[in-house]
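Step one of this worksheet: look at the structure below.
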Amino acid sequence: MGRSGQAAAEWLFAQKAEVTVFDESKSTVVKDLARRWEARGVRAVTGAVQLPDARFERAILSPGIDPKRPVVLQLRSARVPMFGELELGARACLCPILAVTGTNGKSTTTELIAAVFQVAGKKAVACGNLGQPLCEVAPVSGGLDYAVAEVSSFQLEAIETFRPRVAVYLNLTPDHLDRYAGLEEYAAAKNRIFENQTTEDVAVVQKGLVLPERRSRTVTFSATENSADYTLRDGWLCAGADRVIRQEETRLRGPHNAENLLAALAVADAEGISRDAVRKAFTAYRPLPHRCELVAVRAGVTWINDSKATNPDAMERAVLGMSAPVILIAGGKDKGFDFAPSLPSLRGRVRAALLIGETAEKIEKAWRDGVPCRRMGTLAEAVKKAAVLANPGETVLLSPGCSSYDQFRNFEERGETYRQCVKTLPQEETKP
């Protein structure tokens, strides 16, 4: 009964379906939602791991529901057909869908693509895993030119006919290893974005990704490989031999953001959007909150909030994008990552690492030979210690490399907490 589950229920209820909503939580928030649904004639089952019965024509999975949960096994045992909210929304959507997946950069690229189309005069919305479920967009999709959907591996697990006109695959690095048996299983879920594409569709992929055969026309991008169709050369975002815009004219920094921009440029070209609209959108675009976001410059120290970095690769990219010595705040819920491979990217750049959450001890063991580490109890304590350690000209970077669920509701709450902690620091800090 999260946002995507409720969006699916709203859509089905509007189609006169007989709907049951289910949530294992016993929280007062969920109980209040259940009462509201029941007042509208919808059956609500909460606080249980299984349904009282399994007599359904169809089950719709929210992306957060692990297929190994007891309720899913119950429905499978009863041979109830099921697919995800993304599939339901796509079936109801009346406009073309452009989809973006990958381990990192999905939200930024999705927003960029929508911004480009909007500047070009198209009615486009960013949706999906970004915030607004596709089932919320479906009722108004008849008045849209495009739905630009961020899609996660969890969502792609549960598709059947989902077919984006343009499918973007940004990158692949280890993530969600608490849900998947390994990188191959995680990659297989991501690869499904191309499953139903035809020769009329386009796949925009990072150069070098090993992918299954596709029927769609493939276009490649890379910030490092000049053989790609879209490349970064001498600071220019290039389409073939054409220099489109210098990256420094945008507010997005680092090679990872260059690839987000290149992917958005490739999508624009695939749909015939003018380069003038691309340039205007790229220069006007402001990064989303919690993604290498400048919080403050205090006593000569720059404070950056990258709470959205929920895996080691995203953390490494953030560190590599910083020009000054870094005091890194990292750690959080253990998702099964090995942090040792991150060490070469951090050595010589991270002057100190302040570690929080479940993974603090694990990270300390992985980095102790290359990065000075200190375990901290809370994010607030880490911010206070960082203020003492950081010298003028250095950067304090919150880039956890882990999800937030051990100490926070989500990465947004973690980022907001960091902002508030920085805001309440004294103007001048005393150095040891």
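The values are calculated or read from the model by the stated rules, or taken from the named source; none is laboratory data. The structure presented is a predicted model; accordingly, all values stated were derived computationally and were not measured. Backbone-built Cβ (ideal geometry, glycine too); neighbour counts: all protein chains shown.
Is it true that some residue in region 284-302 is surrounded by 24 or more Cβ atoms within 10 Å (Cβ to Cβ), touching a strand residue (DSSP E or B) at 6+ places or on another chain (Cβ under 9 Å) and in a helix (DSSP H, G or I)?
No - not one qualifying residue is present in region 284-302.
Just checking, which of S399, S345 is touching an Asp or Glu at 6+ places or on another chain (Cβ under 7 Å), hydroxyl-bearing (S, T, Y) and surrounded by fewer than 22 Cβ atoms within 10 Å (Cβ to Cβ)? Break it down into steps so the answer makes sense when it comes.
On the way: S399 fails: surrounded by fewer than 22 Cβ atoms within 10 Å (Cβ to Cβ).
Every option except S345 fails the conditions.
Does region 352-364 include one or more residues that are crowded, with 20+ Cβ neighbours inside 10 Å, over 24 Å from the mean Cα position of the chain (by Cα) and farther than 30 Å from R179 by Cβ?
No.
Would region 201-208 turn up any residue that is in the same structural domain as D269 (by TED's automatic domain parsing), modelled with pLDDT of 95 or more and under 13 Å from P96 (Cβ atoms)?
Within region 201-208, one or more residues are in the same structural domain as D269 (by TED's automatic domain parsing), modelled with pLDDT of 95 or more and under 13 Å from P96 (Cβ atoms).
Does any residue in region 367-382 that is closer than 12 Å to I327 by Cβ come within less than 8 Å, Cβ to Cβ, of a residue that is loosely packed, with under 13 Cβ neighbours inside 10 Å six or more places away or on a different chain, and which pairs are these?
From region 367-382, the pairs are V371/R347.
Does region 374-388 include one or more residues that are over 27 Å from the mean Cα position of the chain (by Cα), modelled with pLDDT of 95 or more, under 28 Å from G182 (Cα atoms) and surrounded by fewer than 16 Cβ atoms within 10 Å (Cβ to Cβ)?
The answer is no, given that none of the residues of region 374-388 is over 27 Å from the mean Cα position of the chain (by Cα), modelled with pLDDT of 95 or more, under 28 Å from G182 (Cα atoms) and surrounded by fewer than 16 Cβ atoms within 10 Å (Cβ to Cβ).
Got a sec? Which helices (runs of 4 or more DSSP H) wholly within region 52-135 have at least 1 residues that are buried (at least 19 other Cβ atoms within 10 Å of the Cβ) and more than 23 Å from the chain's Cα centre (by Cα)? Let's see the steps before the verdict.
On the way: elements: 70-77, 85-92, 106-119.
Those helices (runs of 4 or more DSSP H) span 70-77, 106-119.
Test of understanding: among A17, A90, which residue is outside the structural domain of G131 (by TED's automatic domain parsing), among the small types (G, A, S) and modelled with pLDDT of 95 or more? Please lay out each step first, then the result.
Values: A90 fails: outside the structural domain of G131 (by TED's automatic domain parsing).
Just one listed residue meets the conditions, A17.
Just give me the residues in region 19-44 being in contact (Cβ under 8 Å) with a residue 24 or more places away in the chain and part of a loop (DSSP other than H, G, I, E, B), in sequence order.
Within region 19-44, V19, E24, S25, R40, V42 meet the criteria.
Could you list, in sequence order, all residues of region 237-272 that are modelled with pLDDT of 95 or more, over 20 Å from A115 (Cα atoms) and not in a loop (DSSP other than H, G, I, E, B)?
Once the filter is applied, which keeps residues that are modelled with pLDDT of 95 or more, over 20 Å from A115 (Cα atoms) and not in a loop (DSSP other than H, G, I, E, B), region 237-272 yields D242, R243.
Can you find a residue that is part of a loop (DSSP other than H, G, I, E, B) and acidic (D, E) anywhere in region 180-193?
Step one: of region 180-193, the residues part of a loop (DSSP other than H, G, I, E, B) are 180-182.
Narrowing the set further to residues that are acidic (D, E) leaves none.
Scanning region 180-193 turns up no residue that is part of a loop (DSSP other than H, G, I, E, B) and acidic (D, E).
Listed here are the residues, each with its yes/no results for (1) at pLDDT 95 or above; (2) at negative phi.
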position: F22; (1), (2): yes, yes
position: K26; (1), (2): no, yes
position: R35; (1), (2): yes, yes
position: E38; (1), (2): yes, yes
position: V42; (1), (2): yes, yes
position: G47; (1), (2): yes, no
position: I60; (1), (2): yes, yes
position: G64; (1), (2): no, yes
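Can you name every residue in region 164-173 that is buried (at least 19 other Cβ atoms within 10 Å of the Cβ) and not small (G, A, S)? Before you say what the answer is, go through the steps one by one.
Our first condition is that a residue be buried (at least 19 other Cβ atoms within 10 Å of the Cβ); within region 164-173, this holds for 164-172.
Listed by number, the residues that qualify are P164, R165, V166, V168, Y169, L170, N171, L172.
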